[in-house]
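Below is one structure; the comments refer to it alone.
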Amino acid sequence: MDTIEFYKTDIDCLKEIDDKMVIATKYSEIDWKADILFVWWWTYAFLPVFIFRLLRKKVFITGTFNYYVPKGEIDYFRRPWWQRYLIKGAFKLATNNILVSKKEYDMIRRDWGCENMSYSPHGIDTEKYKLKQGERGDFFLVVGLIGGHSIVRKSFIEIVDAVSLLISQRYVVKLKIAGHKGDAFDFFSNYIKKLKLENYISFLGSVSVDEKICLMQNCYCYIQPSKYEGFGLAVAEAMACGAPVIVSQEGELPTLVGNSGFILNDITPLSIAKVIKTVSELSNIEEYSKLSRQQIVDNYDVKRRFRELKNIILKG
């Protein structure tokens, strides 16, 4: 869990509250004698939440809820009735539910009328993900698993089609894709070859955190026009590194980006191509770079997440 950024951030915070905390990845590892239970995700939370509340102990749950996601694979409303019952039951029983999405926080509060909830978005380590001095590179960057679900959710095909459209208009674009080569890699790489884009699109495969940061610091612009995004951690990381970003209007992305980036009207190759061209021709790209960075420093710094989690947990 320490290798995944948002888990590591919260774990580091929890260790400041209690350095003897126990991390459990299955029910049998839970310390039932603990005074506080902190849970990521509601899906399988009901049993431990019920037991801890029965013992009059405090329970906190955090994460992306996937409440109403019409363009996603599944959301709360498309789950079987018994799953909805258990998820909602865990939510109602918890001492506090810490939502990372303002959009989901507002929807659930409106629909369920719950008071046992807080809004605290993910935090980015802005000393680790930081701006690099000097000019930015000349390539656009995409980060994500090249797997069946991921390439659909993050609109990889639409991005490639946008690049193809620009190349056909003799407008040269360089795109780098970083991410594990999953079960859709052969299909995706063959699709790029079919469009004769091998000279414009390169696969970097899996990269280390340091390599990812270097790419985000050096790319001209980061692209993530997701069909759904509960938060958009990679977008926030890129912004902290000073990358201007192109994103969709889905999920939490508009709140995350604010006025610092470029938000698409729709997720089509034509729309993506138009914005890529617009961004490529900007004479003040460094100003957008500074805006991206400042948006994260001002609103999504990891120190803010630390303060809010501590305050919520200690007040109970």
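What the table shows:
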item	result
For segment 266-289 and segment 87-155, distance of Cα centres in Å	24
Pairs from LYS128/LYS315; LYS193/LYS227; LYS20/LYS130; LYS174/LYS212; LYS212/LYS277 whose Cα-Cα separation, in the structure shown, is over 21 Å	LYS128/LYS315; LYS193/LYS227; LYS20/LYS130; LYS212/LYS277
Ordering of 237-246, 59-68, 305-314, 279-288 by packing [mean C-beta count within 10 Å, highest first]	237-246, 59-68, 305-314, 279-288
Contact order normalised by residue count of segment 140-300, Cα under 8 Å, 6+ apart, percent	24
Phi to ³J(HN,Hα) by Karplus 6.51 cos²θ - 1.76 cosθ + 1.60 over segment 143-154, Hz, x for Gly, Pro	10, x, 4, 8, x, x, 5, 5, 5, 6, 4, 9
Cα-based reach from LYS8 at 18 Å (exclusive), listing aspartates and glutamates while leaving out same-chain residues under 8 positions away	GLU16, ASP18, ASP19, ASP125, GLU127, ASP210, GLU237, ASP301, GLU308
Max mean-square fluctuation residue, GNM over the chain, Cα-Cα springs under 10 Å, options TYR105, TYR27, TYR129	TYR27
Under the span-like rule (Cα at least 27 Å along the axis, Kyte-Doolittle mean at least -1.0), DSSP H helices of the chain	none
Whole-angstrom gap from segment 24-47 to segment 198-249, using each part's C-alpha centre	33
Leading residue at positive end of dipole, segment 108-224 (Cβ point charges), from VAL152, PHE188, HIS122	PHE188
Trypsin sites (Lys or Arg not before Pro) lying in DSSP loop within segment 128-197, provided at most 12 other Cβ fall within 10 Å	ARG170, LYS196
GLU29, GLU211 arranged by Cβ crowding within 10 Å, fewest neighbours leading	GLU29, GLU211
Stokes-Einstein D for segment 128-284, Kirkwood Rh over Cα pairs, 10 °C, 1.306 mPa s (µm²/s)	103
Distant-in-sequence amide H partners of LYS154 (H built 1.01 Å from N, under 5 Å)	LYS227
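Laboratory data are not the source of any read-out in this text; all were calculated from the coordinates shown. Keep in mind that this is a model prediction, so the values were computed, not measured. We place every Cβ from the backbone using ideal geometry, glycine too, and count neighbours over all the protein chains shown.
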